[in-house]
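A short write-up of the structure that comes next.
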Amino acid sequence: MRRIGVFVCWCGTNIGATVDLETVMEKARQMPGVVFAGDNKYMCSEIGQTLIRDTIVQERLDRVVVASCSPRMHELTFRKTAAAAGLNPYLVEIANIREHCSWVHKDKAEATQKAISLVRTAVAKAARNKPLQADQFAVTHRALVIGAGIAGIQAALDIGETGFEVDLVERTPSIGGRMAQLDKTFPTLDCSACILTPKMVDVAVHPKINLYTYSEIEAVEGYVGNFEVTLRQKARSIDKEKCTGCGICYEKCPSKVDGEFEEGMSKRKAIYVPFPQAVPNVPVIDRENCRWFTKEKCGVCKKVCPADAVDFEQSDQLIKQKYGAIVVATGFDLVDLDEFGEFGYGKHPDIITSMEFERLVNASGPTGGKLLRPSNQEPPRNVVFIHCVGSRDKSRGKPYCSKICCMYTAKHAILLKEKYPKSQAYVFYIDVRTAGKEFEEFHRRAVEEYGAAYLRGIVGKVFPSGDKLLVNGVDTLSNQTVELEADLVVLATAITPRRDAAALGRMLGIGTDGHNYFVEAHPKLRPVESHTAGIFLAGTCQGPRDIPETVAQAGGAAAKAIALLSKETLLSDPCVSNVNESLCTGCLACLPVCPYKAISEKTITEKVHGQERRRLVAEINNALCQGCGACSTACRPGAMNLLGFTNEQLLAEVDAICL
Amino acid sequence: MKAMLQKIRKEAASVLASGEADLVLGWGKGPLWWQSYPAFIEEEKETGSLTWDPFCVPNLSKYLLEELWVKQKVALFLKGCDALGFNQLLQDKRVDREKVLIFGIPCSGLIDPQKVERAGLHQGLHSVEHQGGELVFSYKDDQKKEDPSSFYYDKCLTCRHPNPVVFDMMLGDAVAVNPQERFAAVGELEKQDVSERYRYWERQFSRCIRCFACRNVCPACSCRECIFDLTDPRWLGKANVLSENQFYHITRAFHMAGRCVDCGECARVCPVDIPLTSLNRKLIKDLNELYGEYDAGVEPEKEPPLITFNPGDPAAFLES
Amino acid sequence: MKITTAQLNGELKAEIAQISGEHVADCYQCGKCSAACPVNEYMDILPHQVLRLLQLGMTEKVLESKTIWVCAACFTCAGRCPRDVDLAVVMEALRAVLLRKREGSRLKGEEMPALLRKGMPEQGIVSGFRKYTK
Amino acid sequence: MSVVEEHHLFEPMIVAFCCNWCSYAGADLAGTGRMSYPANVRIVRVPCSSRVSPNFILRAFQRGADAVVVAGCHPGDCHYVSGNYHARRRFSALRRFLEFVGIETERFEIHWISASEGNKFAAIMKDVTDKIRVLGPNRKLRDVR
């Protein structure tokens, strides 16, 4: 007969307030197999855990049920407590009488009945738990960082510093990401390239960091400690070793294309380097626009190249690599402005986004750093900045605040005034949110020193009139309508995740929230980990944030990855599927439902009536199995059983819960 | 009919003589007019006892589960519905295709003995035969000719694959295929309201005596040990009460979901005539509607609907 | 006029919310409606102020304003509101409160054919009905 | 007296199978958010909605459940990549089949609830309880021994 101990937690008043725990304990003592029922104000505290440990020994308990908060909170804690007392940790069950009972049912009588039912269910399940042993598996001491913006670069450097191999994969031809596009950074007005380029060079020369630019993730398999990733190194059509970076090829190349790096404001060639400080400083042939690849004509670059580095025959390479940890740092995109016709984006060249403004004021930008109106290349006098374009907009854009626009718009106002002392910046805002270190002071300098006019109210309409732009707004503090004649209108567009973030999320097996940002394991307590063990998050791919936060988070993600890689072996979760070979008929209906391809065929031989018989059965690779249980449900004879959630346990729970 | 019988005996004899097969599964004639039982022939001389008449309905492929352990190669005769059943066993990896030699028999429909009795033709009946388009009933000293259409099994009227889909040699030329609508009965039941339907099935399931004939004859039901025979965990109670009968029939129908070849054997062998075909056909109809046509037993390599998916699947519930 | 608790949850405010079905609390005063409104210069209080006053329960002030009659119910504000507040319907509710209390509909259905024949555009009639009937 | 109060004497018993990564976490969030919902709902934790076998649902009805809810992650968000896709097909077929053998579809519901949808969890549980309170106790499939 089982010897089960039930330990009821008051959780201060969180549970005790709406559940009559005395009755619960009294009823627990009458449940089949229960030999002890005790309680404590805080079962997860030192005293509580000591009570459990001592009772296990004194009462020779072989099962433990803790009626407390959600197993997602302290299942691990109470398993460790049981293990400390010599009881197999998988003989512990948790009854969630806080989140699923005391906190959501106000009527004490009802809540008490429900708590009793939940305890009875946990006891029924615990009675059928089996002791499980976690086995160990090796960790591949190599990390993968996806995305080489400032987040990816920082993570790669931090991991590389500890001596672990790091593969840094970047989709575009050069590392640097969004930060490389910026001119100055707030709040110190450091030149973005001056603080970024040294790190980019560090990455390029770092002995432990292998750089894969112009490459993408093709497939991800495996699990923490043993990820198997297929990278697609797209063909650059340039031999890296030979190329000296002299640039003659992209000078002579005849075909011009809108430059992505310049946000489409200036052209680049079909063979190109995104920006002067690119790392690696090796051009790439954009095969969709190169006349050689599209029409078998031209080939000028190959002819003029002094180092004969151009190689049209190069093809994509698929590289398969094993990793112990993955850091996702894929960065952000900007909101699509088609929904916001009232701002007139796309209808007039002088209506630009803030990123385009960054390029215009950037020395390596399309206008060589001279801020000129795209329409007539004249210096602008009156520049209107509009906050929250697509942000804080429940109906057509994103409901969240993009967090950095208030600061970079203040920066733009300052840069404008520095470039043209006679110019005037107008900023239409709803609320100025400058909550970081030195941020508020930075904003006040924009207003007080640089004379930016802040108008509270979002612009209603922008439309061209003559060679100027008419901006209709309102100042809700003075309740006056506002009509400005502007030379330039800059839209602070909302941040969004990468367009293909959801697809990458599915490939990695990490969740995305309603807006397609990657979801962290716990918003407050585990901000840099994803729900999937071994995959960490850094930067704006998880939500809007600025560069200081991104770098801090990249350091955090790197620290988590290093902690994982520093282990020789990892404990595997023993709650995996288990095949009862006598029941298994070898129909393998389970094989296709396994998302991790952990099931394979096995031929076994057995003696039946003296005759040697060979037959097919299913076999589980315990390392690959992640314990979802899809196979147990697909198995008709019930041969496949997910340990920890076996058929016996779940049936017992259903029987107990319906009493 | 006679021609087919000669071919069956000839082929059986030749494979046994040549040693190509060490067992032939066919049908033998029992003492009563409707009895055509599965015959296990190992000697060439016994092939003379093989028969072929409108009552050779039992599906021979399920006997392979035992025979293939002890025999090197088994030859057997498969009608259209039997071949679908064989393919389902193949899909479940219960038979080794190399160890089986299949003679396909295009089948123009078999005769339901109960319908003969209901027509009162069974008194002193010796044998029944297809001749030309007619059914010949021969008695001690006279004969009657009838139109066969009112005597076919229900399952033969809706048969969509009378010509076997898997064979090594076909013993006759293909027959015409014009099945009646097979979801008519399901449609009728669907028209009733929920409680009316519940009472209908309550009457059916309460008659079940849990003899498991339906499970034993079904080609898609080939588990070494059936979940309903397990005691720990005890899925199904042994007691013959409505609730347990419902659990059995709903679970078994669900085990067949997407795998039932609609051969109609379960309904035929049920001693208390529970319309099991309607249960299976409801699932076939729904799965076809929801996730695309899937004809179980025709292509064994194609994955049945319930163990595959595609992200854009529709759902029969509100996916808010 | 001081803002008092009585005002903040006055029953007139509740009545307008009930008629219009809109939550004025959703509005965070971004001013886009006022900026976009084609007739904002003829209004004594701007559209975003109407919502602000309703949030504060100062409904009488709004009912006395010219704004609710100047509003042409063109729905530009509703189309652009980042908080999905349908201000045009709120304006309609405000007018309805007055029409129901005082004189009832100013437009009669039977007069319409005559107006149509005189060349009144249908849209005008529709807007008229939206503005002047209870 | 509204329809719901009229039936107040009958308290339905509802079994909810919740997947650990999304809907169980959603239930936890409803807890931390103190969003109350009827105590009639009793939650069984499963790793994934694909772990819920039709037999558990029939067993719940046999043991006297008046309604069964299966809650999983939104398609595409499954922690195990394709678990809820299989569940979607299986329970779509099961729901229509149960209706065919006479069980009202209101008694068997499937919902996709993410870890951040605490309010949706509470709302669904309240809605199911109210509906079943009106529909009445479930005699069908019940093992009355």
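Could you tell me whether D:Val81 is free of Cβ contacts under 8 Å to residues at least 12 places away in the same chain, over 22 Å from A:Val654 (Cβ atoms), open to solvent by 10 Å² or more (accessible area, probe 1.4 Å) and not charged (D, E, K, R)? Spelling it out, D:Val81 is indeed free of Cβ contacts under 8 Å to residues at least 12 places away in the same chain, over 22 Å from A:Val654 (Cβ atoms), open to solvent by 10 Å² or more (accessible area, probe 1.4 Å) and not charged (D, E, K, R). The criterion of at least 1 residues that are open to solvent by 30 Å² or more (accessible area, probe 1.4 Å) is met by the following strands (runs of 3 or more DSSP E) wholly inside the stretch B:59-140: B:125-131, B:134-139.
Residue-by-condition table, conditions (1) open to solvent by less than 20 Å² (accessible area, probe 1.4 Å); (2) in contact with a strand residue (DSSP E or B) (Cβ under 9 Å, 6 or more places away or on another chain); (3) not hydrophobic (A, V, I, L, M, F, W, C):
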| residue | (1), (2), (3) |
| --- | --- |
| A:Thr121 | yes, yes, yes |
| A:Gln133 | no, no, yes |
| A:Val145 | yes, yes, no |
| A:Thr162 | no, no, yes |
| A:Leu168 | yes, yes, no |
| A:Arg171 | no, yes, yes |
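Of everything in the stretch A:472-499 that is within 9 Å of chain C (Cβ to nearest Cβ) and either modelled with pLDDT of 95 or more or assigned to a strand (DSSP E or B) (or both), the residue that is farthest from A:Arg373 (Cα to Cα) is A:Gln480. Of all residues in the stretch B:6-17, none satisfies being in contact (Cβ under 8 Å) with a residue 60 or more places away in the chain, of a type outside the set (D, E, K, R) and assigned to a loop (DSSP other than H, G, I, E, B). Filtering the stretch A:353-409 to residues that are among the hydrophobic types (A, V, I, L, M, F, W, C) and either open to solvent by 30 Å² or more (accessible area, probe 1.4 Å) or farther than 29 Å from C:Thr76 by Cβ (or both) leaves A:Leu360, A:Val361, A:Ala363, A:Leu371, A:Leu372, A:Cys401, A:Ile404, A:Met407. How many residues does the stretch B:304-320 hold that are surrounded by fewer than 16 Cβ atoms within 10 Å (Cβ to Cβ) and either among the small types (Gly, Ala, Ser) or more than 12 Å from chain D (Cβ to nearest Cβ) (or both)? Qualifying residue count, the stretch B:304-320: 2. Inside the stretch A:435-471, residues that are open to solvent by 40 Å² or more (accessible area, probe 1.4 Å), within 14 Å of another protein chain (Cβ to nearest Cβ) and free of Cβ contacts under 8 Å to residues at least 40 places away in the same chain make up a count of 1.
Filtering the stretch D:86-142 to residues that are open to solvent by 30 Å² or more (accessible area, probe 1.4 Å), within 7 Å of chain B (Cβ to nearest Cβ) and either assigned to a loop (DSSP other than H, G, I, E, B) or at positive phi (or both) leaves D:Glu104, D:Arg142. Within the stretch D:47-85, being in contact with a Pro (Cβ under 8 Å, 6 or more places away or on another chain) and facing chain A (nearest Cβ under 7 Å) holds for D:Gly76, D:Tyr80, D:Val81, D:Ser82, D:Gly83. Of the residues making up the stretch A:234-258, those that are closer than 26 Å to A:Val328 by Cα and open to solvent by less than 30 Å² (accessible area, probe 1.4 Å) are A:Ala235, A:Arg236. Can you find, within the stretch A:9-62, the residue that is nearest to A:Ile97 (Cα to Cα) among those that are free of Cβ contacts under 8 Å to residues at least 60 places away in the same chain, surrounded by 17 or more Cβ atoms within 10 Å (Cβ to Cβ) and β-branched (Val, Ile, Thr)? This residue is A:Ile52. For the stretch A:194-271, the strands (runs of 3 or more DSSP E) that sit wholly inside it and include 3 or more residues that are at negative phi and either assigned by TED's automatic domain parsing to the domain that holds A:Asp183 or among the hydrophobic types (A, V, I, L, M, F, W, C) (or both) are A:209-212, A:215-223, A:226-233.
The residues of the stretch A:617-627 that are open to solvent by less than 20 Å² (accessible area, probe 1.4 Å) and at pLDDT 95 or above, listed by number, are A:Val617, A:Ala618. Answer yes if at least one residue in the stretch A:552-570 is over 30 Å from A:Ile153 (Cα atoms) and crowded, with 20+ Cβ neighbours inside 10 Å, and no otherwise. Scanning the stretch A:552-570, I find no residue that is over 30 Å from A:Ile153 (Cα atoms) and crowded, with 20+ Cβ neighbours inside 10 Å, so the answer is no. Residues in the stretch D:29-54 that are over 15 Å from the mean Cα position of the chain (by Cα) and either assigned to a helix (DSSP H, G or I) or of a type outside the set (A, V, I, L, M, F, W, C) (or both): D:Leu29, D:Ala30, D:Gly31, D:Thr32, D:Gly33, D:Arg34, D:Ser36, D:Pro47. For the stretch D:64-81, the set of residues classified as in a strand (DSSP E or B) and of a type outside the set (Val, Ile, Thr) consists of D:Ala67, D:Ala71, D:Gly72, listed by residue number. What helices (runs of 4 or more DSSP H), lying completely within the stretch B:148-256, carry at least 1 residues that are more than 14 Å from chain D (Cβ to nearest Cβ), open to solvent by 10 Å² or more (accessible area, probe 1.4 Å) and in contact (Cβ under 8 Å) with a residue 60 or more places away in the chain? Output list reads B:154-157, B:194-207, B:213-217. Any residue that is polar (S, T, N, Q), more than 10 Å from every other protein chain (Cβ to nearest Cβ) and over 25 Å from C:Gly128 (Cα atoms) - is there at least one of those in the stretch C:32-55? Scanning the stretch C:32-55, I find at least one residue that is polar (S, T, N, Q), more than 10 Å from every other protein chain (Cβ to nearest Cβ) and over 25 Å from C:Gly128 (Cα atoms), so the answer is yes. The criterion of at least 3 residues that are surrounded by fewer than 19 Cβ atoms within 10 Å (Cβ to Cβ) is met, among helices (runs of 4 or more DSSP H) falling completely within the stretch C:53-111, by C:59-63, C:87-101.
Of the residues making up the stretch B:259-298, those that are more than 17 Å from the chain's Cα centre (by Cα) and away from chain D (no Cβ under 13 Å) are B:Val272, B:Glu293. Is there a residue being assigned to a loop (DSSP other than H, G, I, E, B), touching a Pro at 6+ places or on another chain (Cβ under 9 Å) and within 10 Å of chain D (Cβ to nearest Cβ) anywhere in the stretch A:584-597? Within the stretch A:584-597 (the criterion being assigned to a loop (DSSP other than H, G, I, E, B), touching a Pro at 6+ places or on another chain (Cβ under 9 Å) and within 10 Å of chain D (Cβ to nearest Cβ)), the answer is no, since none of the residues qualifies.
Among A:Cys635, A:Cys594, which is the only one that is out of contact with any strand residue (DSSP E or B) (no Cβ under 6 Å at 6 or more places or on another chain), modelled with pLDDT under 95 and surrounded by 20 or more Cβ atoms within 10 Å (Cβ to Cβ)? Every option except A:Cys594 fails the conditions. Here B:Gly124 clears all of (1) on the phi < 0 side of the Ramachandran plot; (2) in contact with a Lys or Arg (Cβ under 9 Å, 6 or more places away or on another chain) except the condition numbered (1). Number of residues in the stretch D:62-92 that are more than 19 Å from A:Pro592 (Cα to Cα) and under 13 Å from the mean Cα position of the chain (by Cα): the value is 8.
The values are calculated or read from the model by the stated rules, or taken from the named source; none is laboratory data. Quick caveat: nothing in here was measured; it's all calculated off a predicted structure. All Cβ positions, glycine included, derive from the backbone under ideal geometry; neighbour counts span all protein chains shown. For accessibility, only protein heavy atoms count, side chains too; no ligands or nucleic acids. Shrake-Rupley method; radii C 1.70, N 1.55, O 1.52, S 1.80 Å.
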